[in-house]
Structure formats: structure tokens, C-alpha cells
Amino acid sequence: ALRLFGRSGPGPGAYPPLEYLKLHDCAAFTMGVFRFPENGTIPLHDHPGMTVVSKLLYGRVRVRSYDWVKTEDEDARADVSTRVPRLARLVADREIQPPIPPLSLYPSDANVHTFHALTDAALLDVLAPPYAVDNGRDCHYFAETPLGPRGEPCGENETWLLETECPESFEVNRGSYVGPRVGSEAGAWL
């Protein structure tokens, strides 16, 4: 298994810490590798206004993703706090392992998702454009809840998602790639 940096063990009930190695960061996209220990999890979250391409490099991971369901009162709720449950439809809930094609999430669909490592794993992640809080591209976290804003249940393959704070125990140890620039004249591959 690839070791990127040192890490400390999780406390009771906490998420095991993940590791993230930033490979590239520019105005157009960011690229990096997440390293998951067994049972490491990225909680349910979104990437508004972004396209995400993820490639599992090694390990076995459970992926769950959702699309928002358009409801009749969606426009009427535009002024309501985001802390109101929204209906979401399950798009994928599956285990993946290499070899597998890259996973793609687009701004308009399947953009609420979670990863849970069943074994040690690594995931190459590309976000385009990158996060920009001032431009409405900030990560939001969600929790599944059985009832909607007026106590209504969800249908089969649906759930209500409630925006929450990032879990306090979710920890990512970060580092940056400092090796030779890929494609530079000094180390270009022909």
C-alpha cells in the first residue's frame, strides 16, 4: 500500500484519517490522490458547479451517489434555508475495484456522493473547475433522514438529504507533490 504521509489513529467513533496528495492546482482544475485506510470514508457531500472525475488506483471502495429530485415546491423553497431536507434519488450504490473506468460526476446529476474504503485504497481525483467559495463552488455535507420537511416519507430508491456541517471527526492529512514537473523539458517523456 502506498504511504503518502504519517497519520494518527482515529478516536472512538471517528472517521479514520485520510491522506491527500495535491498533484496540480490551477484556475482550470485541481488534481490529487486520496489515500484511504480500510474503513476510511469521505462523508456524503457535493461539488456544486463542478465536474469530478475519479479513478480508483487500487483497493475496493463502496460508492453511493444521488441526484436531486425536482419537486413541485422546489421553486417556492428557493428562499428557504438550505437546512431543509431535499429529496434525492439513488443513482449508484456499488462496490468497485480496479480495473474500472473512471467515475464521472457532473454539475447537474449524481453530484452528491460518498466513498467508503472496504480495503486500503487510493483514488485519483480531478475537479474542474476547482473549489471557489466566492463563485458558489463550496463543498456541502449531507445526512440521510427518513422524513421530508412536512414529515413525508421517501419512495423506493429515494432518501431525504439534510445539509449538515462537515463531521468534526472527518480528517484529511494534506501534502503537495514536490517532484519533477511532469512534461517539463528536463523530464519530458517521448
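Odds and ends about this structure:
- Looking only at the stretch 120-160, and only at residues there that are in contact (Cβ under 8 Å) with a residue 60 or more places away in the chain and β-branched (Val, Ile, Thr), the one that is surrounded by the most Cβ atoms within 10 Å (Cβ to Cβ): THR159
- Subset of the stretch 29-52 [modelled with pLDDT under 95 and either within 16 Å of ILE96 (Cβ to Cβ) or part of a loop (DSSP other than H, G, I, E, B) (or both)]: HIS47, PRO48, GLY49, MET50, VAL52
- Among the residues here, SER169 does not qualify as at pLDDT below 95, of a type in the set (Gly, Ala, Ser) and in a strand (DSSP E or B).
- Filtered residues of the stretch 31-51 (kept if open to solvent by less than 20 Å² (accessible area, probe 1.4 Å), over 11 Å from the mean Cα position of the chain (by Cα) and of a type in the set (Val, Ile, Thr)): VAL33
- If you filter the stretch 103-119 down to residues that are aliphatic (A, V, I, L, M) and under 15 Å from HIS45 (Cβ atoms), you find that the one that is surrounded by the fewest Cβ atoms within 10 Å (Cβ to Cβ) is ALA110.
The values are calculated or read from the model by the stated rules, or taken from the named source; none is laboratory data. Everything quoted here is computed from the prediction, not taken from an experiment. Please note: Cβ atoms are built from the backbone with ideal geometry, for glycine as well, and neighbour counts cover all protein chains shown. Please note that ligands, DNA and RNA were not included when accessible areas were found on the heavy atoms of the full protein model with its side chains. Shrake-Rupley method; radii C 1.70, N 1.55, O 1.52, S 1.80 Å.
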